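Participant: Okay, here's the structure, questions in a sec.
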Amino acid sequence: MVYELLSWEDGTFKFEADKDSPDILPGGSVSPEYLLLEGSRLKDEGTMVKEGAEEIKDLDEIIQPDVNIESGTSKTSVLLSLIEEISVTTESTEVLLMVLRLAGEILNRAVLFTVKEDRVHGFGQVGLSINSADQRVKGLNVPLSKPSVISNVVQKRLSYKGPVEELDWNNYLITHIGEGIPGEVFVSPVMEGDKVIAVLYGDNLPFKKPVGDTTILEAFIKVAGIVLLASKYINK
């Protein structure tokens, strides 16, 4: 199931509790570490088979050193640490902070918003260099009824990577978190079943470089949603 979820680009899911299920013990916990690693293994195997059928690249390209090895190792270490932590927590606040922590490893700056009724409210940040960053972020709120990159992601329930349109509430967001206009942003919903409970915004300011690969971050956001929903049923 997790392998299939990690391959989704859209859609929703939900758990339905089975009162007679012998597999969930009262007070038990979900182990997303096993689920994520197993799903990732199957996905990687499928990718290897597909790549094996493609034309082989020049030997010089194959043996060139990876200049991002150190960075990739750091991200992988953080990911494994977070998977271990998330497998034993049932607190939504802790799960959201883990999402924000990993976002800080992938992007220069990230802001997490929680969804409350018809608005999103600033929850936390990482990487902002503006004065009183935490207080300013917690003072942010964006209406979901008005056009913006955030409301668009909530309505479509899909991640977005690209430029920021010239819209009033986009300008409000960019102005309040400072450091200029980003060349590219990454915005993703955090789903609890079919419900959007939070939104992650990220960019690479003060640098103008693209956001880059967000596969690891998007996969962890999906796992976070699974844990949040499963914990909700277990704690009932």
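Participant: Can you find even one residue in region 136-143 that is of a type in the set (D, E, K, R) and either exposed (fewer than 14 other Cβ atoms within 10 Å of the Cβ) or not in a helix (DSSP H, G or I) (or both)? Lay out the reasoning, then the answer.
Facilitator: Step one: list which residues in region 136-143 are of a type in the set (D, E, K, R), which gives 136, 138.
Next, only the ones that are either exposed (fewer than 14 other Cβ atoms within 10 Å of the Cβ) or not in a helix (DSSP H, G or I) (or both) stay: none.
For region 136-143, residues of a type in the set (D, E, K, R) and either exposed (fewer than 14 other Cβ atoms within 10 Å of the Cβ) or not in a helix (DSSP H, G or I) (or both): absent.
Participant: Another one. Name the single residue, out of those in region 107-135 being under 20 Å from the mean Cα position of the chain (by Cα), of a type in the set (A, V, I, L, M) and not in a loop (DSSP other than H, G, I, E, B), that is nearest to residue 94 (Cα to Cα).
Facilitator: Of everything passing the filter in region 107-135, 112 is nearest to residue 94 (Cα to Cα).
Participant: Further question: Of the residues in region 189-212, how many are farther than 17 Å from residue 154 by Cα and in contact (Cβ under 8 Å) with a residue 40 or more places away in the chain?
Facilitator: Residues of region 189-212 farther than 17 Å from residue 154 by Cα: 203-212.
Next, only the ones that are in contact (Cβ under 8 Å) with a residue 40 or more places away in the chain stay: 203-207, 211-212.
Selection size over region 189-212: 7.
Participant: Inspect all residues belonging to region 139-150 and state whether any of them is free of Cβ contacts under 8 Å to residues at least 24 places away in the same chain, aliphatic (A, V, I, L, M) and over 26 Å from residue 94 (Cβ atoms).
Facilitator: Among the residues of region 139-150, not one is free of Cβ contacts under 8 Å to residues at least 24 places away in the same chain, aliphatic (A, V, I, L, M) and over 26 Å from residue 94 (Cβ atoms), which makes the answer no.
Participant: Okay, moving on. Which of the residues spanning region 126-179 are under 24 Å from residue 215 (Cβ atoms) and among the β-branched types (Val, Ile, Thr)?
Facilitator: Correct list: 126, 149, 150, 153, 154, 164.
Participant: Check 146, 161, 208 and return the single one that is at pLDDT 90 or above and within 28 Å of residue 76 (Cβ to Cβ).
Facilitator: Answer to the check: 161.
Participant: Given region 149-236, what strands (runs of 3 or more DSSP E) lie entirely inside it while holding 3 or more residues that are hydrophobic (A, V, I, L, M, F, W, C) and buried (at least 22 other Cβ atoms within 10 Å of the Cβ)?
Facilitator: The strands (runs of 3 or more DSSP E) meeting that bar are 185-192, 195-203.
Participant: Given 55, 85, which one is at pLDDT below 80 and out of contact with any Phe, Trp or Tyr (no Cβ under 8 Å at 6 or more places or on another chain)? Step through it out loud before you land on a result.
Facilitator: Values: 85 fails: at pLDDT below 80.
The conditions single out 55.
The values are calculated or read from the model by the stated rules, or taken from the named source; none is laboratory data. These numbers come from a predicted model, not from an experiment. Here Cβ is always computed from backbone atoms with ideal geometry, including for glycine, and neighbour counts include all displayed protein chains.
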